[in-house]
Structure formats: C-alpha cells, structure tokens
Ligand SMILES: [Zn+2]
C-alpha cells in the first residue's frame, strides 16, 4: 500500500475477506494492527515475535556482541516460558540482570512490550491454534521475492500485475509439488504402526511433528504421563504425547480425526467449513465435473 492509512488497511482487509468462504474465515491473524480484528472479529490475534524482539533489542544499543547473544538467549527464555508462573520468574531474573546497565531498555519493555504480552508470549499463545506461524516472516519473504520479480521494472499496473501473476503461478507449482509428495511418497521414518491410517492423507510436515512428539515420549514417558501440557494439540491440532500414549495403550493407530483439517488439506481447493453438507464439498464438485466429461467407455472403466 502506498500509504499506511486506516482507510487503505480497511479496503485491503475487506477485499481480502471476500477471497474466503464466509464459513471458513481465518481463525488467527498475526498482526500489529488491531484493525484486522475489526474486519475478522472472530480471529485470535498474535503479534509477530520477530518484530517484538527486533524492537526490544534495538533499545540495548550499548550492548557488545557477546552481550547481545546472551541477551537474545535470556529474552528468548522469557518469551518461551510455557506457564504464567515460569514467565514471571524468567522476566524477574531478566529485569534483575539488565536493569542496572540498561534502565531505559527495561522501561521500554515494561511500558510498551509487556502491555501486549498475551499476544506473543508462549505462556498465553500456547492456548491458540496458530499452526506454527508466530511471525510475519513468510509475508516479508514473499514481498522480497515479489521485488525480485519486478526487477527494475518501471512499468504500469498491467506490467506489475503480470509479474505478480507469474510469482503466484510459480508459488502454486511449489505448493502443489509439496502436496503431491505427501500424497504419493512415504518417508522411511514414517513407516510406523502409529501412522497406519495417515499415509497419503496427512502432510509430511505434520507427520514429522508427530515423530518429534513420539521421540519426546520415548525420552520422558513418565513425565508425559503426569503432565503433558498438550501444546502440540492446542497450537497445531496434532496429537500430543498423552494422546499418543492413549492410542498406544488401546493398540490403535492415530485416527485421522485426531489431525486438524489444516494438515489434511492436500489440494488447492479452498475449504468451505465444516457445517456444509457432503454434496456441496468442492472436491465432490470436481469429481462430478470429471464424471460429466468422461466418455461412456471411461465411465465403465471407473465403475
Ligand atoms: Zn496432552
């Protein structure tokens, strides 16, 4: 947008909204701008952790390279604390360590950063299903790629539109290839009894995440039995350690229903929500159209 005005944001967000099915609007938005929440009132808000970190670190101007590394570790510990009690403890020791040397920076953190802590600190955001997206880096990356596509082009709207179209087309090729990989190929490490009903229906990325949870279970089984935390389930919609233990004790593989639909989406047909009757699913529509186009011989082959 040429100017970051409220009206411009409103126009862009309202237009974005028209691209979604009304029954399948975004449930989480990573944004610094509260306006997005007015256009998508049911969406949960997250703030980009990368930008928060960048702004916070910029206040520690006098820090040496060694101190900066230490600072990043200490601040990371605060943000990644998984409960409010742990967050308070980590924050206390952070403040004690840096307050004397960097009082202005600590003041900024208290007054500006922490005012929105529930939108970026894990202790609060671990209750939100955000599918692993905590930063706007993906959008910034896409913006940089778009600039490369534009090169030094000084063309008008049509020229820019053509470049943008080409960029999206090549993105779609990459996304489709990833879907095909999940549908057609099976990783060696995914050949386990737990995944029996999941192959070809769930993205390999999600299966990798569950593999990590299984590894956690192997290492810390007794701890998982007492306290799981269920973070993988709450934030990704994938079975957490205690759920995996339950399936194992019942001798059953992970059911497909325990995987959020986000990870079962292996085509580019837009989802239209859960409340829609089977007949109206876009996948059924595609099959119906294919059937109509088939010759009689092809129809006989299928039946
Ligand atoms: Zn759990």
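Couple of notes before you dig in:
- Here the helices (runs of 4 or more DSSP H) wholly within the stretch 115-203 that include at least 3 residues being more than 19 Å from residue 43 (Cα to Cα) and either touching a strand residue (DSSP E or B) at 6+ places or on another chain (Cβ under 9 Å) or modelled with pLDDT under 90 (or both) are 137-150, 157-184.
- Filtered residues of the stretch 28-44 (kept if at pLDDT below 90 and under 14 Å from the mean Cα position of the chain (by Cα)): 31
- Residue selected from the stretch 188-203 under the condition out of contact with any helix residue (DSSP H, G or I) (no Cβ under 8 Å at 6 or more places or on another chain) and free of Cβ contacts under 8 Å to residues at least 40 places away in the same chain, by the criterion nearest to the ligand (Cβ to nearest atom): 191
- Any hit, the stretch 241-256, residues being outside any helix (DSSP H, G or I), away from the ligand (no atom under 15 Å from the Cβ) and in contact (Cβ under 8 Å) with a residue 12 or more places away in the chain: yes
- Cβ-Cβ contacts under 8 Å between residues 6 or more apart (or on different chains), taken from a first residue in the stretch 7-21 that is outside the structural domain of residue 41 (by TED's automatic domain parsing) and within 16 Å of residue 41 (Cβ to Cβ) to a second residue that is part of a helix (DSSP H, G or I) and at pLDDT 85 or above, are listed as 10/39; 13/39; 14/39; 16/39; 17/39.
- First in the stretch 219-230 and closer than 13 Å to residue 244 by Cα, second anywhere and near the ligand (Cβ under 9 Å from one of its atoms), Cβ under 6 Å, 6 or more apart: 224/241; 228/240; 228/241; 228/242; 230/240
- Scanning the stretch 10-24 for residues that are surrounded by 15 or more Cβ atoms within 10 Å (Cβ to Cβ) and either under 30 Å from residue 123 (Cα atoms) or at pLDDT 90 or above (or both) yields 13, 24.
- Unmet criterion (only one of (1) modelled with pLDDT under 80; (2) within 19 Å of residue 131 (Cα to Cα); (3) surrounded by 12 or more Cβ atoms within 10 Å (Cβ to Cβ)) for residue 231: (1)
- Counting the residues of the stretch 204-240 that are assigned to a loop (DSSP other than H, G, I, E, B), more than 11 Å from the ligand (Cβ to nearest atom) and over 15 Å from the mean Cα position of the chain (by Cα) gives 1.
- The sole residue among 16, 25, 91 that is assigned to a helix (DSSP H, G or I) and within 19 Å of the chain's Cα centre (by Cα) is 16.
The values are calculated or read from the model by the stated rules, or taken from the named source; none is laboratory data. As the structure is a prediction and not an experimental result, all values here were calculated from the model. Neighbour counts are summed over all protein chains in view; Cβ atoms, including those assigned to glycine, are modelled from backbone coordinates with ideal geometry.
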